[in-house]
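Enquirer: One structure, pasted below without further comment.
The values are calculated or read from the model by the stated rules, or taken from the named source; none is laboratory data. Keep in mind the model is a prediction, meaning the values are calculated, not measured. Here the Cβ positions follow ideal geometry from the backbone for every residue, glycine too, while neighbour counts run over all protein chains shown. Please note that ligands, DNA and RNA were not included when accessible areas were found on the heavy atoms of the full protein model with its side chains. Shrake-Rupley method; radii C 1.70, N 1.55, O 1.52, S 1.80 Å.
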Amino acid sequence: TDNITREEAVTMLGRALGISESATGTVFTDANSISAYAKGFVNALSARGFVAGFDGKFNPLSPITRAEVVKILDNAVASFYSSAGEYSQNAAGVVIVSASDVTLKNMKITGDLIIAQGVGSGDVTIDNVTVTGNTIIRGGGANSIHITGNSNISNIIIEKTDDGQVPLR
């Protein structure tokens, strides 16, 4: 039932979205008040435009509101696919696939792609897709993530599935 601070929330969201910490970001006038553990995530999320301050301050130790968390997620998540189907809309930000039998086709993701645990052991196909950021694979069974066509995926981070299988083919 305790409140969490803005810096705690940004750290948790940064980790959940697979965003790497950064040494640089928006310069807040109260930057010296940001805890060392949170500074890299505050920098990274502010540099991407996912978080902003008030009157030049981040207010790291102030409790975060539900509305502020929703705003950060709205700024960060460009598309969230939770139903089977084929999708082809370009996106700027984080794209999350959380269902099996999803095909991303003929699209550019200017940001990161997360294939989430919600995929289970099902299939996801990435066909002729460019991802400028990281592709983080957290879901899928053995050989269930298919990268085909002229896909351009520069940095893949595979987190093993619950059964220890690597889901990439």
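Enquirer: Which number comes out as Rg/Rh for the chain once both Rg and the Kirkwood Rh are worked out on C-alpha atoms?
Expert: Details: Rg = 17.1 Å, Rh = 16.8 Å.
Across the chain, the Cα-based Rg/Rh ratio is 1.02.
Enquirer: Would you kindly find the accessible area of Y81, with a 1.4 Å probe and non-protein molecules such as ligands, DNA and RNA excluded, rounding to the nearest 10 Å²?
Expert: The accessible area of Y81 comes to roughly 20 Å².
Enquirer: Please list, in chain and number order, the residues 5+ apart from I136 or on another chain whose amide H is under 5 Å from its amide H, with Hs placed from the backbone.
Expert: Correct list: L113, I114, I115, I157.
Enquirer: Let me ask you something else. Excluding E68 itself, what net charge comes from residues whose Cβ is under 14 Å from its Cβ, given Lys and Arg +1 and Asp and Glu -1? Present the calculation step by step, with values, prior to reporting the outcome.
Expert: Numbers: positive: R6, K57, R66, K71; negative: E7, E8, D74.
The answer is +1.
Enquirer: May I ask for the Kirkwood hydrodynamic radius of the stretch 69-164, worked out over all distinct Cα pairs and given in angstroms to one decimal?
Expert: Values: mean 1/r = 0.0764 Å⁻¹.
Over the stretch 69-164, the inverse of the mean reciprocal pair distance is 13.1 Å.
Enquirer: Kindly identify the stretch 1-49 as rounded, prolate or oblate by the Cα gyration tensor criterion: order the square roots of the eigenvalues as a ≥ b ≥ c, call it rounded if a/c is under 1.5, otherwise compare a/b with b/c, prolate if a/b is larger, else oblate.
Expert: Working: a/c = 1.97, a/b = 1.16, b/c = 1.71.
Verdict is oblate for the stretch 1-49.
Enquirer: 5 Å is the cut-off here: which amide hydrogens, built 1.01 Å from N in the peptide plane, fall below it relative to T148, excluding neighbours closer than 5 in sequence?
Expert: I126, D127, N128
Enquirer: On a full-extension model of 0.36 nm per residue, what is the gain between T132 and T110, subtracting their alpha-carbon distance, rounded to one decimal in nm?
Expert: 7.4 nm
Enquirer: If you don't mind, there's one more thing I want to ask. Cα axis of helix 6-16 to longest principal axis of the chain: angle in degrees, 0 to 90, nearest 10?
Expert: 10
Enquirer: Whole-Hz Karplus ³J(HN,Hα) for the stretch 18-29, in order, using 6.51 cos²θ - 1.76 cosθ + 1.60 and θ = phi - 60°, x for Gly and Pro?
Expert: Per residue, the Karplus-derived 3J(HN,Hα) values read x, 8, 6, 5, 10, 7, 10, x, 4, 8, 8, 5 Hz.
Enquirer: ³J(HN,Hα) across the stretch 149-157 via Karplus (A = 6.51, B = -1.76, C = 1.60, θ = phi - 60°), whole Hz, x for Gly/Pro?
Expert: Calculated HN-Hα couplings, in order: x, 9, 5, 10, 10, 8, 9, 9, 10 Hz.
Enquirer: Restricting everything to alpha-carbon atoms, can you work out Rg to Rh for the stretch 1-100 with a Kirkwood hydrodynamic radius? Intermediate values should be presented prior to the final figure.
Expert: Values: Rg = 14.7 Å, Rh = 14.3 Å.
Ratio of gyration radius to Kirkwood radius for the stretch 1-100: 1.02.
Enquirer: Right, another one. Over the stretch 34-169, give the accessible area per residue in Å² for a 1.4 Å probe, as an integer.
Expert: Numbers: 6580 Å² over 136 residues.
Here the residues of the stretch 34-169 average 48 Å² of exposed surface.
Enquirer: Show me 12-18, 111-117, 138-144 ranked by packing, highest mean number of other Cβ atoms within 10 Å first. Provide the component values of the computation, followed by the final result.
Expert: Working: 12-18: 17.6, 111-117: 21.9, 138-144: 19.7.
Highest mean packing first, the order is 111-117, 138-144, 12-18.
Enquirer: Please list, in order along the stretch 46-63, the HN-Hα scalar couplings obtained from phi with the Karplus expression 6.51 cos²θ - 1.76 cosθ + 1.60 (θ = phi - 60°), rounded to whole Hz, x for Gly and Pro.
Expert: With coefficients 6.51, -1.76 and 1.60, one gets 6, 5, 7, x, 7, 10, 9, x, 10, 6, x, 10, 8, 6, x, 9, 6, x Hz.
Enquirer: Note down the nm distance, to one decimal, between modelled labels 7 Å out along Cα→Cβ at I4 and at Q117.
Expert: If labels sit at I4 and Q117, their model points lie 1.5 nm apart.
Enquirer: Can you run the Rg to Rh ratio on the stretch 69-124? Use alpha carbon positions and the Kirkwood inverse-distance Rh.
Expert: Details: Rg = 11.1 Å, Rh = 11.4 Å.
Radius of gyration relative to Kirkwood radius: 0.97.
Enquirer: About the Cα centre, and with charges only on the beta carbon of Lys, Arg (+1) and Asp, Glu (-1), how big is the dipole of the chain? Nearest 20 debye, please. Walk me through the numbers before you get to the answer.
Expert: Working: 12 positive and 16 negative charges, 56 e Å.
Rounded to the nearest 20 debye, it is 260 debye.
Enquirer: Sticking with this structure for a sec: At a 1.4 Å probe, what is the % contribution of carbon and sulfur to the accessible area of the stretch 49-169?
Expert: Details: 2730 of 6040 Å².
Exposed carbon and sulfur together represent 45 percent of the surface.
Enquirer: Let me check the size of the stretch 44-89 from its C-alpha atoms; what are the radius of gyration and Dmax in Å?
Expert: Rg, Dmax (Cα atoms, Å): 14.3, 43.
Enquirer: Now for a separate question. Taking the mean number of other Cβ atoms within 10 Å as a proxy for protection, how do you rank 21-30, 41-50 from highest to lowest?
Expert: 41-50, 21-30
Enquirer: Pairs to check: K39/K105; K71/K108; K57/K108. Give those whose C-alpha atoms are more than 30 Å from each other in this structure. If you can, show how the numbers build up before the last one.
Expert: Details: K39/K105 36 Å; K71/K108 24 Å; K57/K108 34 Å.
Correct reply: K39/K105; K57/K108.
Enquirer: Let me ask something else about it. Amide H to amide H, which residues 5 or more places from F58 or on other chains are under 5 Å from it, using H placed in the peptide plane?
Expert: T29, D30
Enquirer: So what's the net charge close to K105: Lys and Arg +1, Asp and Glu -1, counting the other residues with Cβ under 15 Å from its Cβ? Could you put the intermediate results ahead of the total?
Expert: Working: positive: K108; negative: E86, D101, D123, D127.
Here the count lands on -3.
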